[in-house]
Each structure stands twice: as C-alpha cells, then as structure tokens.
Amino acid sequence: MSAVDAVGDGAGAAGAVRVIGFDHLVLVVADVERSLDFYCGRLGLAPVRVDEWRAGRAPFPSVRVSPETIIDLVKGERGGTNVDHFCLVVEPLDWADVVASGVFTVLEGPVGRFGARGAATSVYVRDPDGNSVELRWYPQDVDR
C-alpha cells in the first residue's frame, strides 16, 4: 500500500507533517530590476522588501501574489531550471522529531528564514525527483 492509498490525518505517525498552505516560490532571474518591472508593473503584484534589497539590507526582493504567498526574485545564472525551490507551510511540529524520523532526505535545517508571512523555522528536503522543497511553520500558527 502506498502513502497515497493510506492517506489519513497523519496524527501520531513518526515524521508526519500536514501541509496547510503554499508560502513562496524562488525564481532565479538574470536581471532582478527587469523582473520587478514585469511582476509589479505588468502583472500588478505588490513589491516586498525592494527598498531593503536596493539598500543592501535584504538578499533579494519579492513580489506578493496573495496575503500569504510571495515570489522571491534571486539573481543568478539559469542552469537546467530557473526554480530554486518552493515552500509549503505545515502545521506546527517538532522539527527534531521530523529530522530524526528518517522519513525525509533533509538537505538543511531546521533554520530560520524569511517568508510570505515573516520569519519562521524551515527544513529543506528533497523530493523523489531531486527538487528542493522547503517545509516551514510560523510561530503565530502555534495558537491556531
């Protein structure tokens, strides 16, 4: 029986996580200003941390797709793909238990990062096709 066949609420399973939202996508772009013009100008998305990025106080700017979702625009050379990783929001959990469970191939974390709703703690894992997936939960979700 596959994990898809055995879908449940995941309660009690070692290393179980429950995805509750899509947080952000990181795009590798050749020209950040050109991308900002496209996403903010042509598509009408709101800029996030652009002034901080221009002042050297943020590593990259973002654009807001919805109240809880952003696209990060990271300058870099395009290799085989221009997607660095995507991020899913999960219910609050103990990252040490998730890492120790061995359910995931953990690439990095737990580590603090900025996302669509501010600062949070994340773990980066590899999916079966080699994609990097960031799993994160926000401190403000603990009381939900």
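The values are calculated or read from the model by the stated rules, or taken from the named source; none is laboratory data. Given the structure is predicted, the values throughout are model-derived calculations rather than measurements. Positions of Cβ are backbone-derived with ideal geometry, glycine not excepted, and every protein chain shown enters the neighbour counts.
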> For segment 47-144, which strands (runs of 3 or more DSSP E) that fit wholly inside it have 1 or more residues that are of a type in the set (S, T, N, Q) and farther than 23 Å from ALA30 by Cβ?
Replying inline: 62-66, 69-75, 105-115, 118-126
> Which residues, counting only those in segment 64-100, are at pLDDT below 90 and hydroxyl-bearing (Ser, Thr, Tyr)?
Replying inline: THR81
> If the Cβ limit is 8 Å and pairs must be 6+ apart or interchain, which residue in segment 106-131 that is among the acidic types (Asp, Glu) pairs with which residue that is loosely packed, with under 13 Cβ neighbours inside 10 Å?
Replying inline: none
> Across segment 27-46, what is the number of residues that are assigned to a loop (DSSP other than H, G, I, E, B) and on the phi < 0 side of the Ramachandran plot?
Replying inline: 4
>> The conditions are (1) in contact with a strand residue (DSSP E or B) (Cβ under 8 Å, 6 or more places away or on another chain); (2) modelled with pLDDT of 90 or more; (3) crowded, with 16+ Cβ neighbours inside 10 Å, and ALA46 fails exactly one of them. Which is it?
In response: (3)
>> With the structure loaded, tell me whether GLY15 is surrounded by 12 or more Cβ atoms within 10 Å (Cβ to Cβ), small (Gly, Ala, Ser) and at pLDDT below 90 or whether it fails that test.
In response: yes
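Can you go through VAL83, VAL48, VAL65 and tell me which one is β-branched (Val, Ile, Thr) and farther than 30 Å from ALA16 by Cβ? Don't jump to the end; show me each part of the working.
On the way: VAL83 fails: farther than 30 Å from ALA16 by Cβ; VAL65 fails: farther than 30 Å from ALA16 by Cβ.
The match here is VAL48.
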>> Yes or no: segment 28-41 includes at least one residue that is under 15 Å from the mean Cα position of the chain (by Cα), over 21 Å from ALA119 (Cα atoms) and at pLDDT below 90.
In response: yes
